Amino acid sequence: MESVLENIVNSPKLRIYSKEIDDILNEEQKRRKEFYETMKEGDKVEFINGEIIFNSQVKCEHNRAAVLLLRLLSSYVSFKDLGFVGIEKLMISLTRNDYEPDICFFEKAKSDSFDLKQMQFPAPDFIVEIISPSTEHNDRVIKFEDYAAHGIKEYWIIDPGKKTIEQYILDKNRYELFLKSDNGLIKSKVIPGFEILIESVFNEEENLKALKKIINQ
């Protein structure tokens, strides 16, 4: 049991805390219902801990990294028929929060049940977030904990400014850092056989080389 929860359970004010938590969650569910009713297709918006978060425009370096990685990942998954790759405006709905990851992957057993008009999705198997100053806290703290708690098996955090990728692997409901680098090979633990040079996420020439390798497999 986590220390914070253990302190609450052992407190004589447990019932008072329980009532206060129920009130907070009930109010939060009302706001979440309103969020679902008012959000529109194409909005870049998330629901995080009771708050509606409108995401700002991204820098070119952010968009470039997303496009280059998506090109490789989507091509590989399609050629191998491994599942489904989603991009930033695809919303995943977890127990408490709703997120729009930059890139995510669903294994075929899960994605085969998706409907073409579906707008909310379950926890994926693999997620990539590309950090910016306005999103870094959520990506490294709230989403980091929430993704792990919902069994998302692999999480990449990309820093387009430093040109680095951090690869986290789920281990007993917690993420362990497996790799952090700005060069060399990175191999997915969830997407069978998917491996690329880190440089190919930040460099067009390296990206095209990697794409040709995928096509010619």
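For GLN167, state whether it is crowded, with 20+ Cβ neighbours inside 10 Å and either touching a residue at least 60 places away in the same chain (Cβ under 8 Å) or not aromatic (Phe, Trp, Tyr) (or both). Answer is yes for this residue. Residue by residue through the range 24-63, note down the ones that are part of a helix (DSSP H, G or I), closer than 26 Å to GLY161 by Cβ and in contact (Cβ under 8 Å) with a residue 40 or more places away in the chain. GLU61, HIS62 - these are the residues of the range 24-63 that are part of a helix (DSSP H, G or I), closer than 26 Å to GLY161 by Cβ and in contact (Cβ under 8 Å) with a residue 40 or more places away in the chain. Cβ separations smaller than 9 Å between residues 6+ apart or across chains give the following pairs from the range 95-109 residues that are more than 16 Å from LYS153 (Cα to Cα) to residues that are in a loop (DSSP other than H, G, I, E, B) and of a type in the set (Lys, Arg): GLU100/LYS44; GLU100/LYS89. Filtering the range 180-217 to residues that are surrounded by fewer than 16 Cβ atoms within 10 Å (Cβ to Cβ), part of a strand (DSSP E or B) and out of contact with any Lys or Arg (no Cβ under 7 Å at 6 or more places or on another chain) leaves LYS180, SER181, LEU185, LYS187. Right, LEU5: within 30 Å of GLU205 (Cβ to Cβ) and in a helix (DSSP H, G or I) or not? So LEU5 fails the test.
Quick one: would you say SER200 is under 20 Å from GLY83 (Cα atoms), polar (S, T, N, Q) and at pLDDT 95 or above? No, not satisfied. The single condition from (1) under 16 Å from the mean Cα position of the chain (by Cα); (2) surrounded by 16 or more Cβ atoms within 10 Å (Cβ to Cβ) that GLY151 fails is (2).
The values are calculated or read from the model by the stated rules, or taken from the named source; none is laboratory data. Predicted, not measured: the structure shown is a model, and the values here were computed from it. Backbone-built Cβ (ideal geometry, glycine too); neighbour counts: all protein chains shown.
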